[in-house]
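The values are calculated or read from the model by the stated rules, or taken from the named source; none is laboratory data. Here the structure is a predicted model, which means the values were calculated and not measured. Cβ sites come from the backbone with ideal geometry, for glycine too, and all protein chains shown count toward neighbours.
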Ligand code: CTP
């Protein structure tokens, strides 16, 4: 089974590793679409700390990841699913329901997020430490 998932994966943390490992466990080939810097800006209204090349290099180095590509548009999901011949689309449950429109192309599975950690939260915590 070929699994596909997407994300920014900026300031890589344990929640990112966990979803990628759980996604891989659903099949035997994991493909990861990493948001370009422009797409990241569109989603989060700020640029990532690490550029897309660096974020892709980190994801590519993981044992559970088999293939990495640049995700340029959120609407491109169906195109990417077909291009990479994915059988299952995995997303964190912060996106629950949002990609049900991809069901004609493959199965869609929302996995629970790791609690109490996110890049935004880490950035906030680092800023608070700096202000002390
Ligand atoms: N993710 C997760 N658990 C977390 C954080 C992220 O499972 N605690 C998952 C998301 O659901 C998504 C993938 O990791 O499928 C990439 O998420 P991304 O938006 O890049 O990371 P966040 O830490 O959520 O970033 P931000 O705080 O900037 O929204």
- [ ] Just one of (1) within 9 Å of the ligand (Cβ to nearest atom); (2) at pLDDT 95 or above; (3) exposed (fewer than 15 other Cβ atoms within 10 Å of the Cβ) trips up residue 96, so point out which.
- [x] (1)
- [ ] Specify which of the listed residues (80, 84) is in contact (Cβ under 8 Å) with a residue 60 or more places away in the chain, surrounded by 15 or more Cβ atoms within 10 Å (Cβ to Cβ), over 20 Å from residue 18 (Cα atoms) and under 14 Å from the mean Cα position of the chain (by Cα).
- [x] 80
TODO: Check whether at least one residue in region 104-125 is away from the ligand (no atom under 14 Å from the Cβ), crowded, with 19+ Cβ neighbours inside 10 Å and more than 14 Å from the chain's Cα centre (by Cα), and report yes or no.
DONE: yes
Open item on the list: Exactly one condition in (1) surrounded by fewer than 12 Cβ atoms within 10 Å (Cβ to Cβ); (2) within 13 Å of residue 2 (Cα to Cα) is false for residue 129; which is it?
Closed with: (2)
Open item on the list: Quick check on region 17-30. Is at least one of its residues in contact with a helix residue (DSSP H, G or I) (Cβ under 8 Å, 6 or more places away or on another chain) and more than 11 Å from the ligand (Cβ to nearest atom)?
Closed with: yes
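Would you say residue 62 is out of contact with any strand residue (DSSP E or B) (no Cβ under 6 Å at 6 or more places or on another chain) and surrounded by 16 or more Cβ atoms within 10 Å (Cβ to Cβ)?
Yes, satisfied.
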Open item on the list: Restricting to region 47-59, give me the number of residues that are out of contact with any strand residue (DSSP E or B) (no Cβ under 6 Å at 6 or more places or on another chain) and touching a residue at least 40 places away in the same chain (Cβ under 8 Å).
Closed with: 4
Open item on the list: Can you list residue pairs whose Cβ atoms sit under 8 Å apart, with the first residue in region 112-131 being within 18 Å of residue 91 (Cβ to Cβ) and the second being at pLDDT below 95 and exposed (fewer than 12 other Cβ atoms within 10 Å of the Cβ)? Count only pairs 6 or more apart in sequence or on different chains.
Closed with: 113/94
- [ ] May I ask you to list the residues in region 17-49 that are surrounded by fewer than 19 Cβ atoms within 10 Å (Cβ to Cβ) and part of a loop (DSSP other than H, G, I, E, B)?
- [x] 26, 27, 28, 45, 46, 47, 49
